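S.K.: Sharing a structure with you now.
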Amino acid sequence: MAESAHRVILTSEQIQERIQEIAAQIEADYPEGPIYLVSILKGAFIFVADLARALRRPSIRIEFMAISSYGTAKTSSGQVKVTRDLDVNIEGHNVLIVEDIIDSGVTLSYLKRLLEARKPKSLEIVTLLDKPERRLQRVDVKYVGFQIPDEFVVGYGLDFAEDYRNLSDIRVLTP
Ligand code: PRP
């Protein structure tokens, strides 16, 4: 598939500008203390790197989790399993779950329940992309970069069969 066949829906500049805005909101909402960015592999790895650098305080703790979904997992009855857990205790800390995209909401509603049980001081979600049309489970998401229509997107961490994650912009795959 030729590069030119893909339609850019968010340029690198648009993404970076929005990340600066989100970072400013986060700085205002959490005036002091460390913030734990809990990034969900793999898709969020580029977003968390840029978001972390847009936040100015030194006490930005960057942590990773990995999850896998089974069978018809991306449905309301989908099963989500943690394949790599945090190796820090988040009790009493301000925690932000960092995601690249929220689609059905299955992954994030599961993760939110899981991490809430560990008694963080606060727990919110920041996602770069949101496809509200696809939602099967309701999730409160505090920070959203962009709402996008229900189209298959790649780039900036998002893949198609593990390709395209390295693109700096976000594109819709066109046949
Ligand atoms: C994507 C994304 C979220 C999840 C969102 O991950 O990073 O974790 O899907 O979908 P949901 O709202 O329907 O649960 P994916 O399974 O593509 O894995 P990856 O990040 O490793 O590419």
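The values are calculated or read from the model by the stated rules, or taken from the named source; none is laboratory data. Keep in mind that what you see is a predicted model, and the values were worked out from it rather than measured. Neighbour counts run over all protein chains shown; Cβ positions are idealised from the backbone, glycine included.
Matching residues to (1) crowded, with 19+ Cβ neighbours inside 10 Å; (2) within 17 Å of the chain's Cα centre (by Cα):
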| residue | (1), (2) |
| --- | --- |
| Arg56 | no, no |
| Arg61 | no, yes |
| Phe64 | no, yes |
| Asn89 | no, no |
| Glu124 | no, yes |
| Leu129 | yes, yes |
| Arg138 | no, yes |
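S.K.: Another one. For Asp130, which of the numbered conditions (1) under 15 Å from Val153 (Cβ atoms); (2) modelled with pLDDT under 95; (3) touching a strand residue (DSSP E or B) at 6+ places or on another chain (Cβ under 8 Å) fails to hold?
M.R.: (2)
S.K.: Something else: Which numbered condition in (1) touching a Gly at 6+ places or on another chain (Cβ under 8 Å); (2) more than 13 Å from the ligand (Cβ to nearest atom) is the only one that Gln137 fails?
M.R.: Only one criterion in (1) touching a Gly at 6+ places or on another chain (Cβ under 8 Å); (2) more than 13 Å from the ligand (Cβ to nearest atom) is unmet by Gln137, namely (2).
S.K.: Among the numbered criteria (1) outside any loop (DSSP other than H, G, I, E, B); (2) more than 14 Å from the chain's Cα centre (by Cα); (3) not hydrophobic (A, V, I, L, M, F, W, C), which single criterion is violated by Gly145?
M.R.: (2)
S.K.: Given (1) within 12 Å of the ligand (Cβ to nearest atom); (2) modelled with pLDDT under 95, identify the lone condition not met by Arg56.
M.R.: Of (1) within 12 Å of the ligand (Cβ to nearest atom); (2) modelled with pLDDT under 95, only one is false for Arg56: (1).
S.K.: Could you figure out which of (1) of a type in the set (S, T, N, Q); (2) closer than 20 Å to Phe152 by Cα; (3) out of contact with any helix residue (DSSP H, G or I) (no Cβ under 9 Å at 6 or more places or on another chain) isn't true of Ser109?
M.R.: In the conditions (1) of a type in the set (S, T, N, Q); (2) closer than 20 Å to Phe152 by Cα; (3) out of contact with any helix residue (DSSP H, G or I) (no Cβ under 9 Å at 6 or more places or on another chain), Ser109 misses (2) alone.
S.K.: Moving to a separate point now. Quick check on the range 90-98. Is at least one of its residues within 10 Å of the ligand (Cβ to nearest atom) and not in a strand (DSSP E or B)?
M.R.: No, every residue in the range 90-98 fails to be within 10 Å of the ligand (Cβ to nearest atom) and not in a strand (DSSP E or B).
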